[in-house]
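Report on the structure given below.
Laboratory data are not the source of any read-out in this text; all were calculated from the coordinates shown. Treat the numbers as computed from the prediction; the structure is a model and nothing was measured. All Cβ positions, even for glycine, are placed from backbone atoms using ideal geometry, and neighbour counts span all protein chains on display.
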Amino acid sequence: MIDYSKPHSGSYEAWMCGYNSCQDALAQTVILPASFATATLSYWTNIRTQETSSSCSDTFKALVKSAAGLTLSSAPALCNNNASGAWVQRTLDLSGGLAGYKGQPVQIVFNASSNSTLSTDFFVDDVTLNVQ
């Protein structure tokens with residue numbers, strides 16, 4: 001899952017899927033500060049696909065979960081039809097979803113999946129949780 005071919009910055013990026021019938025997940029647990037007004041998740045994606053259909057058959061999703069596994073916030077799913085072969089910055093406002101979890105651990109999760117034909121590569125880099 002760690003790749004060095006074409007990161008957005010630095011030396012490495014996370015490479016999810018890229019093979020048929022994929023179910024990949026990448027997660028990191030963080031403890032939120034006891035006091036904050038805003039929280040934003042920022043990350044860069046690069047999607048490359050072999051799919052020829054415009055339907056959404058391979059997907060990527062960013063979400064934040066509580067320690068109990070409850071989804072607190074999620075970004076709109078990205079699909080093979082979002083492929084551009086270029087790095088694109090994504091931002092998710094978490095302020096409302098995390099308000100009740102101050103001082104608690106939460107998990108930042110990236111999920112990727114693909115169907116049984118024509119794979120899609122989902123690359124993720126420069127993930128930042130900005131809490132102020």
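Put a plus charge on the Cβ of each Lys and Arg, a minus charge on the Cβ of each Asp and Glu, and nothing anywhere else: the dipole of region 2-131 about its Cα centre is then about 320 debye. Per residue of the chain, the DSSP helices (runs of n ≥ 4 H) give a summed -39500 (n - 2.57) that works out to -500 deg cm²/dmol at 222 nm. Near the amide H of Met16, within less than 5 Å, lie the amide hydrogens of Phe122, Phe123, Val124, all on another chain or at least 5 residues away, with H placed in the peptide plane.
The separation of region 101-131 from region 62-95, counted between C-alpha centres, amounts to 6 Å. Amide H contacts under 5 Å for Leu72: Val64, Lys65, Ser66, restricted to partners 5 or more places along the chain or on a different chain, H placed in the peptide plane at 1.01 Å from N. Residue by residue, region 11-22 carries 3J(HN,Hα) couplings of 9, 9, 9, 8, 10, 10, 6, x, 8, 6, 6, 7 Hz when phi is fed to the Karplus relation 6.51 cos²θ - 1.76 cosθ + 1.60 (θ = phi - 60°); x denotes Gly or Pro.
Computed over region 1-87, the Cα gyration tensor eigenvalues convert (square root of 5λ each) into semi-axes of 26, 17, 13 Å, ordered from largest to smallest. Rounded to whole numbers, the Karplus 3J(HN,Hα) couplings from phi for region 26-43 are 9, 9, 9, 8, 10, 9, 6, x, 5, 9, 6, 9, 10, 9, 9, 9, 10, 7 Hz, using 6.51 cos²θ - 1.76 cosθ + 1.60 with θ = phi - 60°, and x at Gly and Pro. Karplus-based coupling profile of region 87-94, in residue order and whole Hz: 6, 10, 7, 10, 9, 10, 7, 9, with θ = phi - 60° in 6.51 cos²θ - 1.76 cosθ + 1.60 and x standing for Gly or Pro.
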